[in-house]
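The values are calculated or read from the model by the stated rules, or taken from the named source; none is laboratory data. Note that this is a predicted model, so its numbers are computed, not measured. Using ideal geometry, Cβ is built from the backbone for each residue, glycine included, and neighbour counts are taken over all protein chains shown. Note: areas computed on protein heavy atoms with side chains; ligands, DNA, RNA excluded. Shrake-Rupley method; radii C 1.70, N 1.55, O 1.52, S 1.80 Å.
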Amino acid sequence: MVEKIDVSARAAAIEYAIRDVVVPAMKLESKGHEIIRLNVGDPLAFEGLPTPVHMIEAYKRALDSQDNGYGPSYGIPRLRQAIAAAETAKGWPCSEEDVYVTHGVTEALQIIFAAFLEDGTKVLAPGPHYPPYMAYPQMYGATTVEYRLDQNDGWRIDFDDIRSKMDNSVRLLVLINPNNPTGNVATSSEIDQLIEIARDYPKCTIIADEIYDGLDFTGELCSAAARSNDVPVIVLNGVSKVYFAPGWRIGYMAWHDPDGRLSLVRDGVERLLRSRLCASTPAQHGYLAGLTDEHGWLEGHRERIKQRLEYCISRIEGIDGLECEVPGGAFYLFVKIADEGIKSDKQWVLDLLHQHHVLVVHGSGFSPEFGKSHFRMVCLPPEDVLSEAFDRIESFLGV
Ligand code: PLP
């Protein structure tokens, strides 16, 4: 008998519900079943939401001109300048030096957590949230505590809950705006309240994940960094959602540190960035074209997404046993399974998958506490695919 080598406790604790559910789906696909996948927020998986051609051409030009070497660790200068200009246009003074280009927002998160967190520190993140906010901090001896988004109030932030959970061990207070999975968009006065709370804790930095910012349908979205004159805010964004190129794996963090209190941790971030070399050089040229060329194309993509979301909402409204809040942004619905007797939302999702071949993600994968008895569905497919998915969901529920 071979003695197996143990996996580290850190790796064994990692869960990423959005892709973990793909494992049973692939088994069914290998047996010839056709699965409607509504699990991953990837616009490219569906018709009508392509990466803009001028971005692809810029990427190709970089490849053709042999711009395939290692780039600078913090990002190519022209892209850093373009990001700084885009952030400044949102209302805060961002310079090229404040911007670090990463291998997607997900890598930015790993670097931030590695630089900020120690044993016994905390991250305060919305519940529900994008899963890495809970999965990664434990690798650094920290814990993620969830603050409540109020399902009965359009998933708005529950500020009393935040206040009750704040203390001096909280290093990072996370705002995901628009939120994944709920689609809630925070108002400027809500962001002000968040900043006011953080102000009382000098070791606390706000993380503002604004990766869905161009997909705000409320007209109320504002930059969290632009609202703060003192509390540090790190803005996260990238090419994945609003520039429709998630496979390019390019994102950024932009540091708004008005009184310079983050200089030591920033030095750590720069060390970490140098140690992992750089983000993909040709892909940065593609993103640069997206940021600097005209944005007229985005309106068509937004309109298509809005129509698909509206179709999904109308179908959910017609199904006894399912309920959802109308999202203000992004492209998900976080649907409540109104069955009092439901024991496990994960089992519900697996039963739907096995019996009717529709793949969604269990809500507890986004928050063990505030997401249970829900599922998240991606509303990006064209209407005929969504229609078939909802017909199958109705058959599953027997309605
Ligand atoms: N942040 C949020 C809130 C997300 O929902 C996602 C992906 O779904 C990401 C970040 C991932 O960003 P990236 O593709 O840049 O790693």
- Message: Conditions first: (1) modelled with pLDDT of 95 or more; (2) in contact with a Phe, Trp or Tyr (Cβ under 9 Å, 6 or more places away or on another chain); (3) over 25 Å from ALA125 (Cβ atoms); (4) open to solvent by 10 Å² or more (accessible area, probe 1.4 Å). THR292 passes all but one, so which condition is the exception?
- Response: (2)
- Might you let me know whether segment 353-365 holds any residue that is in a loop (DSSP other than H, G, I, E, B) and open to solvent by less than 10 Å² (accessible area, probe 1.4 Å)? yes
- Query: So which pairs qualify, if the first residue must be in segment 303-330 and in the same structural domain as GLY219 (by TED's automatic domain parsing) and free of Cβ contacts under 8 Å to residues at least 12 places away in the same chain, the second must be within 16 Å of the ligand (Cβ to nearest atom) and open to solvent by 40 Å² or more (accessible area, probe 1.4 Å), the Cβ gap must be under 7 Å, and the two must be at least 6 apart or on different chains?
  - Reply: none
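Of the residues SER65, SER8, only one is among the hydroxyl-bearing types (Ser, Thr, Tyr) and open to solvent by 70 Å² or more (accessible area, probe 1.4 Å); which? Show your work before the answer.
On the way: SER8 fails: open to solvent by 70 Å² or more (accessible area, probe 1.4 Å).
None of the other options fit; the residue is SER65.
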- Item | Which numbered condition GLY300 misses (of (1) under 21 Å from ASN177 (Cβ atoms); (2) at pLDDT 95 or above) | (1)
- Query: Pairs under 6 Å by beta carbon, first residue farther than 14 Å from ALA135 by Cα and in the same structural domain as ALA142 (by TED's automatic domain parsing) in segment 99-122, partner open to solvent by 30 Å² or more (accessible area, probe 1.4 Å) and near the ligand (Cβ under 8 Å from one of its atoms), six or more apart or different chains?
  - Reply: HIS103/ARG249; GLY104/ARG249
- Task: Would you mind finding the one in TYR74, TYR70 that is in contact (Cβ under 8 Å) with a residue 12 or more places away in the chain, among the aromatic types (Phe, Trp, Tyr) and crowded, with 16+ Cβ neighbours inside 10 Å?
- Result: TYR74
- Scanning for something open to solvent by less than 10 Å² (accessible area, probe 1.4 Å), of a type in the set (Ser, Thr, Tyr) and out of contact with any Pro (no Cβ under 9 Å at 6 or more places or on another chain), does segment 102-109 turn up at least one residue? yes
- Message: Condition first: more than 16 Å from the ligand (Cβ to nearest atom) and either at pLDDT below 95 or under 18 Å from the mean Cα position of the chain (by Cα) (or both). Can you find one or more residues in segment 238-251 that meet it?
- Response: no
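Does ASP167 meet the test of being touching a strand residue (DSSP E or B) at 6+ places or on another chain (Cβ under 6 Å), in the same structural domain as VAL233 (by TED's automatic domain parsing) and among the acidic types (Asp, Glu)?
On the way: touching a strand residue (DSSP E or B) at 6+ places or on another chain (Cβ under 6 Å): no; in the same structural domain as VAL233 (by TED's automatic domain parsing): yes; among the acidic types (Asp, Glu): yes.
It is false that ASP167 is touching a strand residue (DSSP E or B) at 6+ places or on another chain (Cβ under 6 Å), in the same structural domain as VAL233 (by TED's automatic domain parsing) and among the acidic types (Asp, Glu).
Would you tally the residues in segment 3-46 being more than 16 Å from the ligand (Cβ to nearest atom) and either hydrophobic (A, V, I, L, M, F, W, C) or over 23 Å from TYR130 (Cα atoms) (or both)? Spell out how you get there, then give the answer.
Here is the first cut: in segment 3-46, the ones more than 16 Å from the ligand (Cβ to nearest atom) are 3-13, 23-36.
Subsequent filtering for residues that are either hydrophobic (A, V, I, L, M, F, W, C) or over 23 Å from TYR130 (Cα atoms) (or both) retains 3-9, 11-13, 23, 25-36.
Of the residues in that region, 23 qualify.
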- Quick one: is ALA25 in the same structural domain as ILE211 (by TED's automatic domain parsing), outside any loop (DSSP other than H, G, I, E, B) and surrounded by 14 or more Cβ atoms within 10 Å (Cβ to Cβ)? no
- Those residues of segment 323-333 which are more than 17 Å from GLU394 (Cα to Cα) and not in a loop (DSSP other than H, G, I, E, B) amount to GLY329, TYR332
- Message: Pull out all pairs, ordered by first then second residue, where Cβ-Cβ is under 8 Å, the residues are six or more apart or on different chains, the first lies in segment 7-28 and is touching a residue at least 60 places away in the same chain (Cβ under 8 Å), and the second is within 16 Å of the ligand (Cβ to nearest atom) and open to solvent by 60 Å² or more (accessible area, probe 1.4 Å).
- Response: VAL22/ARG37; ALA25/ARG37
- The residue that is nearest to GLN193 (Cα to Cα), considering only those in segment 247-263 that are surrounded by 21 or more Cβ atoms within 10 Å (Cβ to Cβ) and of a type outside the set (Phe, Trp, Tyr), is HIS256
- Message: Cβ-Cβ under 6 Å, sequence separation 6+ or interchain: first residue in segment 346-367 and more than 18 Å from TYR332 (Cβ to Cβ), partner in a strand (DSSP E or B) and open to solvent by 30 Å² or more (accessible area, probe 1.4 Å). Which pairs?
- Response: none
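Does GLY290 satisfy being touching a residue at least 24 places away in the same chain (Cβ under 8 Å) and not hydrophobic (A, V, I, L, M, F, W, C)?
For GLY290, the condition - touching a residue at least 24 places away in the same chain (Cβ under 8 Å) and not hydrophobic (A, V, I, L, M, F, W, C) - is met.
Run down ASP192, ASP150, ASP167 and say which single residue is open to solvent by 30 Å² or more (accessible area, probe 1.4 Å) and closer than 16 Å to GLY91 by Cβ. Working first, answer last.
On the way: ASP150 fails: closer than 16 Å to GLY91 by Cβ; ASP167 fails: closer than 16 Å to GLY91 by Cβ.
Unique residue meeting the criteria: ASP192.
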